[in-house]
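One structure below.
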Amino acid sequence: MRRLIAARAGCVLISVLALASPACKHRRRPVQRTDEPMFSSMISAADPREAVQFRKGFYDVEANSWRWTGKHFQVALSPPRQTGKGVQLVLRFALADVIIKTFKSIQVSAAINGVQLAPQSYNQSGDFAYVRDVPSGQLSGDSVLIDFDLDKALPPTDSDHRELGIIVSQVGLIAK
């Protein structure tokens, strides 16, 4: 038994010395910090890896492709790496018939780090994209918070306790 323990200790010592040796051809990879999430610049409502970027006002994924929002919602995005000609904010969404039948129109607006972007009104149901140029000074750092607001949303009901606004499929920052 003593020989077995001594042999294992010797193997462990040799392994440790081999890893510490400068002649060792294998270099240790830097440790990836897991407490700091890696954000994407374009996120899909259905991708579970990007769920942490949907910060406030989003409900669970439906039909494996989209999420309802409330009246106010927020995302965290990473700025695109190349921003030579500028950057645009793109929100791809759908307006349900019930929203248009109830309100006749709905207005979408956004703010990046507190800087308000121009609103857009929509007066029919269907698929849309809210696209706005982003002021260059708003993209410093590894991530940026984007707050969206709707002027109207359906209030909760007895059968659905959610406040319903628009149906989001994608949101992101893209280089022009």
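Estimated from the Cβ-Cβ distance and a Förster radius of 35 angstrom, the FRET efficiency linking VAL115 and ALA46 is about 0.75. Which lysines, on any chain, are close to LYS85 with Cα under 29 Å apart, when same-chain ones fewer than 8 places away are left out? Cα-Cα hits under 29 Å: LYS176. Can you give the relative contact order of the stretch 87-176 as a percent, counting alpha carbon pairs under 8 Å and 6+ residues apart? It comes to 44 percent, rounded to a whole number. Calculation over all alpha carbon pairs of the stretch 42-175 in 10 angstrom steps from 0 returns a P(r) of 12, 45, 33, 9, 1, 0 percent.
Amide H neighbours of LEU164 under 5 Å, counting only residues 5+ apart in sequence or on other chains, H built in-plane at 1.01 Å? Excluding prolines and chain starts, which carry no amide H, the hits are LEU154.
Listing THR157, THR102, THR69 from fewest to most neighbouring C-beta atoms within 10 Å gives THR157, THR102, THR69. The residues HIS72, HIS161, when put in order of fewest to most other Cβ atoms within 10 Å, stand as HIS161, HIS72.
Each residue of the stretch 93-98 was assigned a 3J(HN,Hα) from its phi angle through the Karplus expression (A = 6.51, B = -1.76, C = 1.60, θ = phi - 60°), giving 8, 10, 10, 6, 3, 4 Hz with x at Gly and Pro.
Taking 7 Å steps out from each Cα toward its Cβ at LYS101 and ARG55 produces label points 3.5 nm apart. Couplings 3J(HN,Hα) for the stretch 76-82, derived from phi with the Karplus relation 6.51 cos²θ - 1.76 cosθ + 1.60 (θ = phi - 60°), are 10, 10, 8, x, x, 5, 10 Hz, where x marks Gly and Pro. Exposure proxy for GLU163, GLU50, GLU62: other Cβ atoms within 10 Å of each Cβ, ordered fewest to most, give GLU62, GLU163, GLU50.
Read-outs: derived from the displayed coordinates by stated rules, not from any lab. As the structure is a prediction and not an experimental result, all values here were calculated from the model. Glycine also receives a Cβ, built like all others from the backbone with ideal geometry; neighbour counts cover every protein chain displayed.
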